[in-house]
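> Please see the structure below; I have some questions.
The values are calculated or read from the model by the stated rules, or taken from the named source; none is laboratory data. As the structure is a prediction and not an experimental result, all values here were calculated from the model. All Cβ positions, glycine included, derive from the backbone under ideal geometry; neighbour counts span all protein chains shown. When the accessible area is computed, the model is the full protein with side chains, heavy atoms only, and any ligands, DNA or RNA have been set aside. Shrake-Rupley method; radii C 1.70, N 1.55, O 1.52, S 1.80 Å.
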Amino acid sequence: QVQVVESGGGLVQAGGSLRLSCTTSGLTFDDRAMGWFRQAPGREREGNSCISWSGGGTSFADSVKGRFTISRDNAKNTLYLQMNSLKPEDTAMYYCAAGRGSTCPLPAYMNEDYFVYWGQGTQVTVSS
């Protein structure tokens, strides 16, 4: 049975940092691209980062580029998102997702359709 569980969310002041983790089981983690999405109330879910199966390729949305870093530890079946210089507009529920294939789609195609397994999310709130 597939399990995808995010952790590490919380309340942080603007300019601060937070590190999210995503632990998985019941899936072939080390051959899949993995991504992070976020969804704020009343808004559509949007992808912000992706990493290929080996970690050799990454991509980021313009809104987080230079501030967020995605990484993975295939030995632990775990995905990470390091978030620095956080802004109030980063406030959202953050979701970990496992892709259909081994490599990331082009940023323009970084949407929910490519990802087949999802966690329940972890809340990130950035105060002014």
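> Within the range 82-95, does at least one residue satisfy the condition of being open to solvent by less than 40 Å² (accessible area, probe 1.4 Å), within 17 Å of Ser52 (Cβ to Cβ) and either touching a helix residue (DSSP H, G or I) at 6+ places or on another chain (Cβ under 7 Å) or not polar (S, T, N, Q) (or both)?
Checked the range 82-95: no residue is open to solvent by less than 40 Å² (accessible area, probe 1.4 Å), within 17 Å of Ser52 (Cβ to Cβ) and either touching a helix residue (DSSP H, G or I) at 6+ places or on another chain (Cβ under 7 Å) or not polar (S, T, N, Q) (or both).
> Report every pair of residues separated by at least 6 positions or lying on different chains whose Cβ atoms are under 8 Å apart, first residue within the range 21-34 and on the phi < 0 side of the Ramachandran plot and of a type in the set (S, T, N, Q), second open to solvent by less than 60 Å² (accessible area, probe 1.4 Å) and part of a loop (DSSP other than H, G, I, E, B).
Sorted first by the residue in the range 21-34, then by its partner, the pairs are Ser21/Gly8; Thr23/Asn77; Thr24/Val2; Thr24/Asn77; Ser25/Val2; Ser25/Asn77.
> Please indicate, with yes or no, whether at least one residue in the range 75-92 is in a loop (DSSP other than H, G, I, E, B), closer than 21 Å to Gln123 by Cβ and in contact with a Leu (Cβ under 7 Å, 6 or more places away or on another chain).
yes
> List every residue pair whose Cβ atoms lie under 8 Å apart, where the two residues are 6 or more positions apart in sequence or sit on different chains, the first residue falls within the range 77-88 and is of a type in the set (Ser, Thr, Tyr), and the second residue, located anywhere, is assigned to a loop (DSSP other than H, G, I, E, B).
Close Cβ pairs satisfying both conditions: Ser85/Gly15; Ser85/Ser17; Ser85/Arg67.
> Would you tally the residues in the range 38-54 being in a loop (DSSP other than H, G, I, E, B) and either open to solvent by 70 Å² or more (accessible area, probe 1.4 Å) or under 20 Å from Ser7 (Cβ atoms) (or both)?
Of the residues in the range 38-54, the ones in a loop (DSSP other than H, G, I, E, B) are 40-45, 52-54.
This time we only want the ones that are either open to solvent by 70 Å² or more (accessible area, probe 1.4 Å) or under 20 Å from Ser7 (Cβ atoms) (or both), so: 40-45, 53.
Matching residues across the range 38-54 total 7.
> Considering only the range 112-128, how many residues are loosely packed, with under 12 Cβ neighbours inside 10 Å and either touching a helix residue (DSSP H, G or I) at 6+ places or on another chain (Cβ under 9 Å) or more than 10 Å from Tyr95 (Cα to Cα) (or both)?
3
> Please verify whether Ser102 is part of a loop (DSSP other than H, G, I, E, B) and in contact with a helix residue (DSSP H, G or I) (Cβ under 6 Å, 6 or more places away or on another chain), treating the condition exactly as stated. Full working, then the answer.
Details: part of a loop (DSSP other than H, G, I, E, B): yes; in contact with a helix residue (DSSP H, G or I) (Cβ under 6 Å, 6 or more places away or on another chain): yes.
Yes; evaluated as a whole, the condition is true for this residue.
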